[in-house]
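The values are calculated or read from the model by the stated rules, or taken from the named source; none is laboratory data. Computed from a predicted structure; not experimentally measured. When we count neighbours, we look across all protein chains shown, and the Cβ atoms used for this are built from the backbone with ideal geometry, even at glycine.
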């Protein structure tokens with residue numbers, strides 16, 4: 001909706017972050033490693049039956065605040081995009097069975113990069129950073145390779 | 001340089017409305033946030049300042065002083081108030097999370113001694129927050 005994003009406007013630039021929760025299973029395993037090496041590298045995460053996490057995906061979008069709406073982007077539009085492109089695809093799934101992880105180990109590093117690429121397609125505002133909490137002790141951030149953005153945000 | 005963050009909380013009412021638009025456009029764009037009777041949130045404010053550590057005190061800023069500044073400049077003005085009706089900067093500005101972060105930045109920018117305001121983060125709820133770094 002044109003009233004929201006103001007990419008060329010003169011308003012101040014702000015960053016909006018939204019958190020989504022999804023639960024999924026995975027198994028860390030590399031076909032290039034032997035069985036012993038997989039166990040040595042991934043430990044219990046290599047359990048052939050898999051295990052799961054409650055992931056928290058935090059997406060940060062940046063843009064000029066529209067003078068008419070006071071917003072960086074339409075939150076409803078963002079939530080609908082996330083429902084279709086993130087939650088419907090990954091929530092209550094086994095990550096290893098999905099095409100995104102056919103050739104990549106389903107680490108949260110790779111998942112974070114995949115989520116960033118998904119939100120690059122969101123037309124309402126520019127994704128600046130994705131942060132994924134695998135557990136409350138582990139989190140991962142990706143800003144499209146722009147380390148400066150991570151430091152600033 | 002060290003970054004130091006202080007939290008504060010305030011609970012406020014607001015609604016989203018653009019006077020330049022007819023009622024049906026406000027309802028379409030802002031949805032349930034356009035209810036003119038208002039609704040409210042428990043906001044969490046995180047103010048991050050940047051500065052050098054004073055060799056004598058070991059502080060970047062005196063946290064008690066920073067707490068008092070946040071209380072005086074923000075919490076006492078916003079807490080248990082209706083943002084649209086009682087806080088002057090929102091008379092002509094929709095009190096979205098983005099605009100609240102910008103307004104708080106403007107309130108604090110010149111008020112912090114010995115340190116530079118780095119970031120204002122406002123959580124409307126744990127799942128939604130806005131950051132402002134003074135990028136005009």
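For this structure, a couple of remarks:
- Taking the criterion of being out of contact with any helix residue (DSSP H, G or I) (no Cβ under 8 Å at 6 or more places or on another chain), surrounded by fewer than 16 Cβ atoms within 10 Å (Cβ to Cβ) and more than 8 Å from every other protein chain (Cβ to nearest Cβ), the residues of segment B:92-136 that qualify are B:92, B:109, B:110, B:114, B:116, B:125.
- Unique match (being in contact (Cβ under 8 Å) with a residue 24 or more places away in the chain, at positive phi and in contact with a strand residue (DSSP E or B) (Cβ under 9 Å, 6 or more places away or on another chain)) among B:114, B:82, B:118: B:114
- Selection from segment A:91-115 of residues that are in a helix (DSSP H, G or I) and in contact with a helix residue (DSSP H, G or I) (Cβ under 8 Å, 6 or more places away or on another chain): A:95, A:100, A:101, A:110, A:111, A:114, A:115
- The single condition among (1) modelled with pLDDT of 95 or more; (2) buried (at least 18 other Cβ atoms within 10 Å of the Cβ) that residue A:6 does not meet is (1).
- Taking segment A:67-94 as the range and being facing another protein chain (nearest Cβ under 9 Å) and crowded, with 22+ Cβ neighbours inside 10 Å as the test, the residues that pass are A:69, A:70, A:71, A:72.
- Of A:30, A:25, all but one fail to be in contact with a helix residue (DSSP H, G or I) (Cβ under 8 Å, 6 or more places away or on another chain) and part of a strand (DSSP E or B); the exception is A:25.
- In summary, residue B:45 fulfils each of the numbered conditions (1) farther than 24 Å from residue B:133 by Cα; (2) crowded, with 19+ Cβ neighbours inside 10 Å; (3) in contact with a strand residue (DSSP E or B) (Cβ under 6 Å, 6 or more places away or on another chain) with the single exception of condition (1).
- Residue within segment B:61-73 that is away from chain A (no Cβ under 14 Å), part of a loop (DSSP other than H, G, I, E, B) and touching a strand residue (DSSP E or B) at 6+ places or on another chain (Cβ under 7 Å) present: yes
- Meets criteria (within 14 Å of chain A (Cβ to nearest Cβ), under 29 Å from residue A:72 (Cα atoms) and outside any loop (DSSP other than H, G, I, E, B)) for residue B:42: no
- Hey, residue A:55 under 21 Å from residue A:137 (Cα atoms), out of contact with any strand residue (DSSP E or B) (no Cβ under 8 Å at 6 or more places or on another chain) and crowded, with 17+ Cβ neighbours inside 10 Å or not: no
- Residue check for residue A:100: out of contact with any strand residue (DSSP E or B) (no Cβ under 7 Å at 6 or more places or on another chain) and either modelled with pLDDT of 95 or more or surrounded by 15 or more Cβ atoms within 10 Å (Cβ to Cβ) (or both): yes
- Members of segment B:1-39 that are away from chain A (no Cβ under 11 Å), surrounded by fewer than 17 Cβ atoms within 10 Å (Cβ to Cβ) and farther than 30 Å from residue B:58 by Cβ: B:11, B:22, B:23, B:24, B:27, B:35, B:36, B:37, B:38, B:39
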